[in-house]
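> Handing you this structure, nothing more for now.
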Amino acid sequence: MFSRRTNWKLALNRFTEAQREFAAGGKEALDLTVSNPTRAGLRYDEAAILDALRNPRSLDYDPQPKGLLSGREAVAAYYKERGEAVSPDALVLTTSTSEGYSYLFRLLCNPGDEVLVPKPSYPLFEFLADLQDVELVPYPLIYDHGWLVDCDSLRKAASERTRAVVVVHPNNPTGSYASAQEREELSRFCHEREAALIVDEVFLDYALEGKHGSFVTDADVLTFTLSGVSKISCLPQMKMAWIAASGPQRERNGALERLEMIADTYLSMNAPVQLAAPVLLDARKTIQPQLLGRVRTNLAELDKQLASQKNCARLQVEGGWYAVLRVPVTRSDEELAIALLQECSVLVHPGHFYDFTNDGYLVLSLITPEEEFRKGIERGLAMLNR
């Protein structure tokens, strides 16, 4: 009755079952997996955000497939403040980066074509690819005093069906940005293969030190940059994201014409959020300092506690909201995460959730409220060092 593309394993994994059993017992855990910023104790300018959604123009239906010009101009202004020039005409608004990926997979791939994706990374691509009849081929990130793209393995992973390479800048959960040399290598690879770059930059603004440039103005190969207010302004419920197209003019224009047709087919963006775009993007100016302050505080606390023991270490992180903890391999990561929950009431994510190929890795959220984070790390490390 159902299509093969939805033939997923829908049974709960052991870790999720353990979480539900724990919660059903009326217990509360110190949650070191927090990913929802709206429930992380941040202070929003509620009046400004809610007032922006009361625009009378929302009652006028003005279907613009690429998104209302005022919304695209707001996104262009965001990049201008970063020092990066983006034309509103090069932007397509979407309800989420997930929808952006779907548009791009449809734009670039025939059924069975391949897209190269980083490993480890966020466990979303598989479902998006299945729904678009695209095959994913992983290329590894390797750790050697910092995370690196394994460019040799990237080339070996490619085939005649490779249509695009996904780069997450910075990666989730490793927190690693693509270096200048890696960007050159990726551009060279895509030029040789006539493939496109798809760059996910939702965490771009959350660099721990300095500032990292966007791919949004890259002109060497056809490049699609994805981002949105979900992370930029910590407003995932507002459902506003975008695709920015750059690269050689002929290819970019052809891509935008086709993307406009795809977007016109769905017209998924709603008017109130598009009209509120300037205010929603401006919210980052008060939200990002709060979140970056918390990330830095929690990272310092993690390092302080790690310094007093020898069994665990964190891997280098350059930005984003997460840290990767390397732990002794005494059991699988899933079994270890379940034990931490059941014995210490501490919730962490096992590394395999993010496609770590070996055991010995736990992923921690750095946006957990500070006191909860401190207590959770204290309890977790006490158990891991027993």
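The values are calculated or read from the model by the stated rules, or taken from the named source; none is laboratory data. In this text the structure is predicted, and so the values were computed from the model without any measurement. Positions of Cβ are generated from backbone atoms using ideal geometry, with glycine treated the same way; all protein chains shown enter the neighbour counts.
> Condition first: surrounded by 15 or more Cβ atoms within 10 Å (Cβ to Cβ) and β-branched (Val, Ile, Thr). Can you find one or more residues in the stretch 322-332 that meet it?
Yes - at least one qualifying residue is present in the stretch 322-332.
> Which of the residues belonging to the stretch 23-46 are modelled with pLDDT under 95 and touching a His at 6+ places or on another chain (Cβ under 6 Å)?
The answer is none; no residue qualifies.
> Return the pairs, sorted by first residue and then second, in which the second residue is of a type in the set (Gly, Ala, Ser), the first residue lies in the stretch 336-353 and is assigned to a helix (DSSP H, G or I), the beta carbons are less than 7 Å apart, and the residues are 6+ apart or on different chains.
Within 7 Å, the pairs are Ile338/Ala18; Leu340/Gly380; Leu341/Ala18; Leu341/Ala29; Gln342/Ala18; Cys344/Gly380.
> What is the one condition in (1) touching a Pro at 6+ places or on another chain (Cβ under 8 Å); (2) in a helix (DSSP H, G or I) that Ile377 does not satisfy?
Ile377 satisfies every listed condition except (1).
> Next up: Which one is nearest to Ser35 (Cα to Cα), of the residues in the stretch 158-168 that are in a loop (DSSP other than H, G, I, E, B) and charged (D, E, K, R)?
So, considering only residues that are in a loop (DSSP other than H, G, I, E, B) and charged (D, E, K, R), the one nearest to Ser35 (Cα to Cα) is Arg161.
Yes/no per residue for (1) touching a helix residue (DSSP H, G or I) at 6+ places or on another chain (Cβ under 8 Å); (2) more than 25 Å from Val202 (Cα to Cα):
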| position | (1), (2) |
| --- | --- |
| Gln290 | no, no |
| Gly293 | no, no |
| Asn298 | yes, no |
| Gln305 | yes, yes |
| Lys310 | no, yes |
| Leu315 | no, no |
| Trp321 | yes, no |
| Val329 | no, yes |
| Asp333 | yes, yes |
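> In the stretch 65-78, which residues are touching a strand residue (DSSP E or B) at 6+ places or on another chain (Cβ under 8 Å) and either farther than 15 Å from Met269 by Cβ or free of Cβ contacts under 8 Å to residues at least 24 places away in the same chain (or both)?
Scanning the stretch 65-78 gives a single hit, Ala76.
Table: residues versus (1) over 22 Å from the mean Cα position of the chain (by Cα); (2) modelled with pLDDT under 95; (3) under 16 Å from Ser246 (Cα atoms).
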| position | (1), (2), (3) |
| --- | --- |
| Ala48 | yes, no, no |
| Arg54 | yes, no, no |
| Leu59 | yes, no, no |
| Pro65 | yes, no, no |
| Arg72 | no, no, yes |
| Val75 | no, no, yes |
| Arg82 | no, no, no |
| Val86 | no, no, yes |
| Ala90 | no, no, yes |
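> I'm trying to understand the selection: among the residues of the stretch 169-194, which are in a loop (DSSP other than H, G, I, E, B) and free of Cβ contacts under 8 Å to residues at least 60 places away in the same chain?
His169, Ala178, Ser179, Glu194
> Which residues, counting only those in the stretch 110-138, are in contact (Cβ under 8 Å) with a residue 24 or more places away in the chain and part of a strand (DSSP E or B)?
Glu114, Val115, Leu116, Val117, Pro118, Lys119, Glu135, Val137, Pro138
> If you take the residues of the stretch 142-165 that are within 30 Å of Arg314 (Cα to Cα) and buried (at least 19 other Cβ atoms within 10 Å of the Cβ), which of them is farthest from the chain's Cα centre (by Cα)?
So the residue we want is Leu154.
> Output the residues belonging to the stretch 40-53 that are without any contact (Cβ under 8 Å) to a residue 24 or more places away in the chain and surrounded by fewer than 11 Cβ atoms within 10 Å (Cβ to Cβ).
Glu46, Ala47 - these are the residues of the stretch 40-53 that are without any contact (Cβ under 8 Å) to a residue 24 or more places away in the chain and surrounded by fewer than 11 Cβ atoms within 10 Å (Cβ to Cβ).
> Filter the stretch 343-361 for residues that are more than 20 Å from the chain's Cα centre (by Cα), surrounded by fewer than 15 Cβ atoms within 10 Å (Cβ to Cβ) and among the polar types (S, T, N, Q) and give the result.
Within the stretch 343-361, just Asn358 meets the criteria.
> Which pairs do you get when a residue that is assigned to a loop (DSSP other than H, G, I, E, B), found in the stretch 245-256, comes within reach of a residue that is surrounded by fewer than 17 Cβ atoms within 10 Å (Cβ to Cβ) and small (Gly, Ala, Ser), reach meaning Cβ atoms under 9 angstrom, with the pair 6+ apart or on two chains?
Gly247/Ala219; Pro248/Ala219
> For a quick check of your reading of the model, give me the residue pairs whose first member lies in the stretch 365-386 and is farther than 21 Å from Glu335 by Cβ, whose second is at pLDDT 95 or above and hydroxyl-bearing (Ser, Thr, Tyr), with beta-carbon atoms closer than 9 Å and at least 6 apart or on different chains.
Within 9 Å, the pairs are Leu366/Thr297; Leu366/Tyr322; Ile367/Ser35; Ile367/Tyr322; Thr368/Thr33; Glu370/Thr297; Phe373/Thr297; Phe373/Ser365.
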